[in-house]
Amino acid sequence: MLRHLLILALAATPIASAQNTPPKSYDCYRTPTPIRIDGKLDDPAWQSAAWTTDFVDIQGSAKPKPRFRTRAKMLWDDAYLYIAAELEEPDVKATLTQHDSVIFRDNDFELFLKPIPTATGYFEFEINARNTSWDLYLNKPYRAGGKPDNSWDIPGLKTAVAVQGTLNKSTDKDRGWTVEIAIPFAAFTSRLPVVKPTAGSEWRINFSRVEWPKGVDSNAPTAPGEHKEDNWVWSPQGEIDMHVPEKWGYLHFRDKR
């Protein structure tokens, strides 16, 4: 939560190139069969799903290219939105095991989802390489006085992580970790009147990856506006703040190919 509150104090200067770049978009196709959630991304349906473009710095292309590759892909059926992500990481680490911990204190993968583009409310989900997650609802962005609702848990959520290497062992070199997420469309209705999408529906979405540089203590105190972590995203925000939904990408639901 501290990271979210510190963002409010940040007098960020938008990066011009990101400001002039329109939000990205992704065509999400219906899967003919449910996805087996095991973190391995080996279901046949995933093979035909396109990857997003590689993640970039949250402020845009004027900033250095991320040190490690990150990308995601999506599918859907009548019950679930499926998300897969691949995170290159030579030393996979994760310590948090308690649900609804402040997951970005570990290296993590994050999802920001706005099923009703015209609503002020939206959903956030974070997960680490131990498959520990944090889900919350925000009635509006922090800068507009929004308040996080940690009591929202995703009923029926399915997640799994697969590590390509060894977790928490720095004496060898890992390839990274992959994650699969299945979110039931019915999970949103306790906070917003979200209806199941149909072919042609459009939601707003973005992804973020928090990566702590080697030797940086994620639990060390920070001054207001100070960011020691790397923030890599799919659709650049132009500033160090994920809570600007109008800069998120567009998720287009499509029928089968």
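The values are calculated or read from the model by the stated rules, or taken from the named source; none is laboratory data. Here the structure is a predicted model, which is why all the values come from computation and not from measurement. Neighbour counts run over all protein chains shown; Cβ positions are idealised from the backbone, glycine included. All accessible areas refer to the heavy atoms of the entire protein, side chains included, with ligands and DNA or RNA removed. Shrake-Rupley method; radii C 1.70, N 1.55, O 1.52, S 1.80 Å.
A few remarks follow.
- Among the residues of this structure, residue 161 counts as one that is among the aliphatic types (A, V, I, L, M) and modelled with pLDDT of 95 or more.
- Number of positions in the stretch 78-90 that are of a type in the set (D, E, K, R), farther than 16 Å from residue 188 by Cα and either in a loop (DSSP other than H, G, I, E, B) or open to solvent by less than 10 Å² (accessible area, probe 1.4 Å) (or both): 1
Residues checked against (1) in a loop (DSSP other than H, G, I, E, B); (2) in contact (Cβ under 8 Å) with a residue 60 or more places away in the chain:
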position: 92; (1), (2): yes, yes
position: 109; (1), (2): no, yes
position: 113; (1), (2): no, yes
position: 129; (1), (2): yes, no
position: 146; (1), (2): yes, yes
position: 154; (1), (2): yes, no
